[in-house]
Amino acid sequence: MTDNQYKKEINHIIFLIGFMGSGKTTLGKKLAKTLKYDFIDSDMWIENRNSSTIKQIFENKGEDYFRFLEQEFIENFNPSKPTVVATGGGLPCFNENIERLKNKGIVIYLKASAKILLSRLKSDKSRPLISIIDENEKLTFIEKKLSERSVYYNQAHFSINSGNDVEKQLIELKCLLS
Ligand code: S3P
């Protein structure tokens, strides 16, 4: 099978993966609009289905339970229409989910340096993993987690530089997917 045939068969689902703050939701919404695809965010899907915020799920049921919900999301996700999915930053890194994503669609890694991620996450209060970290330790935390998670992120079919501005990323993505 040529690369192009392969892309055509699975490209009705496009998964954007990457660290917190890599811009998956922002880019995902724009990409979906450009391609006339539906858009879904795995965190929002989980929040709606459980009538709780991600923060509440972490606080009340713990991270392992949240990872179970992410796995459940990806196992049950079979959209009838072409869809762009922004996945939670940890989703591809647990329970062999990276394989599940790759079997269901095209997986694109939005890659950014720890410093850029820090600048976007500095004052974030909604993400349970990062909001509890002391200001002075955030960069070290991001560097460590990013390095652990890169093993999974780098298994994506493609990666793009999410340090670039969004319009540039869109052009890059359209080229990759055409
Ligand atoms: C997480 C990332 C978050 C959310 C949860 C855990 C992670 O999603 O799923 O707070 O483990 O990196 P975003 O990447 O959309 O912030």
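The values are calculated or read from the model by the stated rules, or taken from the named source; none is laboratory data. Quantities reported herein were computed from a predicted structural model and do not represent experimental measurements. Ideal geometry is used to build each Cβ from the backbone, glycine not excepted, and the neighbour counts take in all protein chains shown.
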Residue list for the stretch 35-71, filter: away from the ligand (no atom under 13 Å from the Cβ), loosely packed, with under 14 Cβ neighbours inside 10 Å and of a type outside the set (D, E, K, R)
48, 51, 60
Among residues of the stretch 43-93, those that are farther than 22 Å from residue 130 by Cβ and of a type in the set (Lys, Arg), counted:
2
With respect to the numbered conditions (1) without any contact (Cβ under 8 Å) to a residue 60 or more places away in the chain; (2) at negative phi, which one is the sole condition not fulfilled by residue 96?
(2)
Return the residues of the stretch 32-43 that are over 13 Å from residue 77 (Cβ atoms) and either at pLDDT below 95 or out of contact with any helix residue (DSSP H, G or I) (no Cβ under 6 Å at 6 or more places or on another chain) (or both); say none if nothing qualifies.
32, 33, 34, 35, 36, 37
Among residues belonging to the stretch 10-24 that are more than 9 Å from the ligand (Cβ to nearest atom) and surrounded by fewer than 21 Cβ atoms within 10 Å (Cβ to Cβ), point out the one that is modelled with the highest pLDDT.
12
When you scan the stretch 43-52, do you find a residue that is touching a residue at least 60 places away in the same chain (Cβ under 8 Å) and within 26 Å of residue 144 (Cβ to Cβ), even just one?
no
So which of 173, 118, 91 ends up being buried (at least 16 other Cβ atoms within 10 Å of the Cβ), among the hydrophobic types (A, V, I, L, M, F, W, C), touching a residue at least 24 places away in the same chain (Cβ under 8 Å) and closer than 19 Å to residue 34 by Cβ?
173
Residue 163 passes all but one of (1) over 17 Å from residue 30 (Cβ atoms); (2) at pLDDT below 95; which number fails?
(1)
Please tell me if residue 80 is hydroxyl-bearing (Ser, Thr, Tyr), out of contact with any strand residue (DSSP E or B) (no Cβ under 8 Å at 6 or more places or on another chain) and modelled with pLDDT of 95 or more.
no
Could you list, in sequence order, the residues of the stretch 10-31 that are part of a loop (DSSP other than H, G, I, E, B) and over 17 Å from residue 79 (Cβ atoms)?
18, 19, 20, 21, 22, 23
